[in-house]
Amino acid sequence: MAEKKCIRITERDNVAIAIHDIPQGTEVMPGILAAEDIPQAHKIALEPMPKGTEVIRYGVCLGYANRDIPQGGWVNEKNLEMAAAPELDRMEFAVNIRTDLPMPKRRSWMGYRNPDGGYAGTRNILGINTTVQCVAGVLNVAIHRIKSEILPKYPNVDDVVAINHPYGCGVAIDARDAYIPQKILRNIAMHPNFGGVFMLLSLGCEKFTPERFCEWWPERNTPENVIILQEHRGYQPMMDAICEMAERKLRILNERRREELPLSELLVGMQCGGSDAFSGITANPTAGYAADLLVAGGGTAMFSEVTEVRDGVQFIAQRCIDETVGKRLVEEMKWYDDYLRKGGVDRGANTTPGNKKGGLSNIIEKSMGSIAKSGSSPIVEVLSPGDRPTKHGEIFAATPASDLVCGPSQLASGMGLEVFMTGRGTPYGLAAAPVIKLCSRNEMKEQWPDIIDFNAGPAAVGEKTIAEQGEELFEFILDVASGIRKPFTEQYGFANDLCIFNPAPIT
């Protein structure tokens, strides 16, 4: 049997994706020859496309040919004019509610139950929170000392992490949208992996004072929980104070133990970054299938990235369980549209040079691949950035698409671990929760064999089905959540500082 050369998603599509580089003259489908060299992951025209022809992939119009494109020609961002965004006021809600989700074979995992009764922890970590970026250098030095001298005495604690971020001062602390970064930082402080143990490091002159940080729980703003550096006489007293408080907190955390829990106590975040045209064919659908298994078993899957949902939002709206959830989705999309207008850019600013090199011509194509990571479960809730879920099931959490902003926002919502899909490759990681790295192509796994945890590439060449890969990924997720396996980023300690979403003015 001849090797398959390209992938066509739906019968409506008039383009297909090159599985590998296709030389000019290659027969890609019966009677269709490549009119020029087509790079891997890029689109090949399956029919002649006179100027103005709709270019269709995923059954959706990506845009219009801005010049004549021959059958077998290379379709890319240079010869494609982007189509308009879906109209938010003309969407249908609750018309595609799936009730026949695949059922998981496994319905429990080993996690850390928390005193607040919310989602359980996947790790046992001391998180040291900060009010302002100015204390990060001091804290980083203290963390090194804590890990080398103190943490080994507490074998039931996995790690000690600094919650460093660029917020806290030089900001309009009372601006209209200032509640967003403040809410995110407060919710991260109560992350399930921290077991309700609170520790805060302050400078002493910042705008985001300990009083503000602890606004939701003023009883935590005590000398037992808060250190103010300006109240200590120099370096060594600062170090001693941080290490002494950390050891007291570690004693408490060392009493935590894993126990068998239902899937309803697990919240998994789904994110993608460094996407390519295979992301929507292999990696994201694989993650989406695993998300459906989790939801069917009573768990919660959370997907995000408003930027990369906006142009596929009509399909998400159809899965919203009712008009109330649908209207919340519209509110978040309209907020985003207004945010872009104020910044003087359009939605096309999202796609990167790497996305385009990987075959994604515009944000419509990227969005259609991105939403595949949500699977097909009904959408039961829509969250604003950093909000905590109130329901179990499939949830959309409105966040920016930037990896380093989306991840902290998902942490604030309480995710126990994150599944991160990539086509081009990124070493992104989080210190506060494990990140499973999933790639879209065999070549990416070969390039980074010791960074990529799970390869979804076999589905592109027919070696496995999406369902088979989704089942395997689901098992991997539960093993990581239970502490049986560690993703590569966790093993190596890859962790980015937290970039907190702050739409308020910088002063």
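The table that follows gives values for the structure above.
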quantity: Single match in V135, V157 (criterion: crowded, with 21+ Cβ neighbours inside 10 Å, β-branched (V, I, T), on the phi < 0 side of the Ramachandran plot and not in a helix (DSSP H, G or I)); calculated: V157
quantity: Hits in the range 161-174 - residues which are touching a Lys or Arg at 6+ places or on another chain (Cβ under 6 Å) and buried (at least 23 other Cβ atoms within 10 Å of the Cβ); calculated: none
quantity: Wholly enclosed helices (runs of 4 or more DSSP H) of the range 208-313 bearing at least 1 residues within 30 Å of P39 (Cβ to Cβ) and open to solvent by 10 Å² or more (accessible area, probe 1.4 Å); calculated: 284-296
quantity: Extreme residue, surrounded by the fewest Cβ atoms within 10 Å (Cβ to Cβ), among residues of the range 314-331 that are under 29 Å from G63 (Cα atoms) and of a type in the set (A, V, I, L, M); calculated: V330
quantity: Any hit, the range 90-97, residues being at pLDDT below 95, open to solvent by 40 Å² or more (accessible area, probe 1.4 Å) and more than 30 Å from F474 (Cα to Cα); calculated: yes
quantity: Strands (runs of 3 or more DSSP E) wholly inside the range 1-91 containing at least 2 residues that are within 16 Å of M368 (Cα to Cα); calculated: 15-18, 54-57, 60-65
quantity: Filter result (charged (D, E, K, R) and under 26 Å from the mean Cα position of the chain (by Cα)) within the range 59-91; calculated: E77, E87
quantity: Filter pass, G118 being modelled with pLDDT under 95 and open to solvent by 30 Å² or more (accessible area, probe 1.4 Å); calculated: yes
quantity: Members of the range 349-370 that are out of contact with any Lys or Arg (no Cβ under 8 Å at 6 or more places or on another chain) and within 28 Å of I22 (Cα to Cα); calculated: T352, P353, K356, N362, I364, K366, G369, S370
quantity: Residue count for the range 318-348, restricted to those that are basic (K, R) and touching a Lys or Arg at 6+ places or on another chain (Cβ under 8 Å); calculated: 2
quantity: Residue match in the range 225-247 (condition: farther than 26 Å from R145 by Cβ and without any contact (Cβ under 8 Å) to a residue 60 or more places away in the chain); calculated: no
quantity: Where I125 falls short, out of the listed (1) farther than 27 Å from A290 by Cβ; (2) open to solvent by less than 50 Å² (accessible area, probe 1.4 Å); calculated: (1)
quantity: Of all residues making up the range 389-416, the number that are out of contact with any strand residue (DSSP E or B) (no Cβ under 6 Å at 6 or more places or on another chain) and charged (D, E, K, R); calculated: 1
quantity: Residue ID - farthest from A495 (Cα to Cα), chosen from residues in the range 435-473 that are part of a strand (DSSP E or B) and open to solvent by less than 10 Å² (accessible area, probe 1.4 Å); calculated: C439
quantity: Single match in E443, E381, E394 (criterion: of a type in the set (D, E), within 19 Å of A290 (Cβ to Cβ), touching a helix residue (DSSP H, G or I) at 6+ places or on another chain (Cβ under 8 Å) and modelled with pLDDT of 95 or more); calculated: E394
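The values are calculated or read from the model by the stated rules, or taken from the named source; none is laboratory data. Everything numeric here is computed off the predicted structure, so don't read it as measured data. Here the Cβ is made from the backbone with ideal geometry for all residues, glycine too, and neighbour counts use every protein chain on show. For the accessible areas, the whole protein counts, side chains as well, though only heavy atoms, and no ligand, DNA or RNA atoms are used. Shrake-Rupley method; radii C 1.70, N 1.55, O 1.52, S 1.80 Å.
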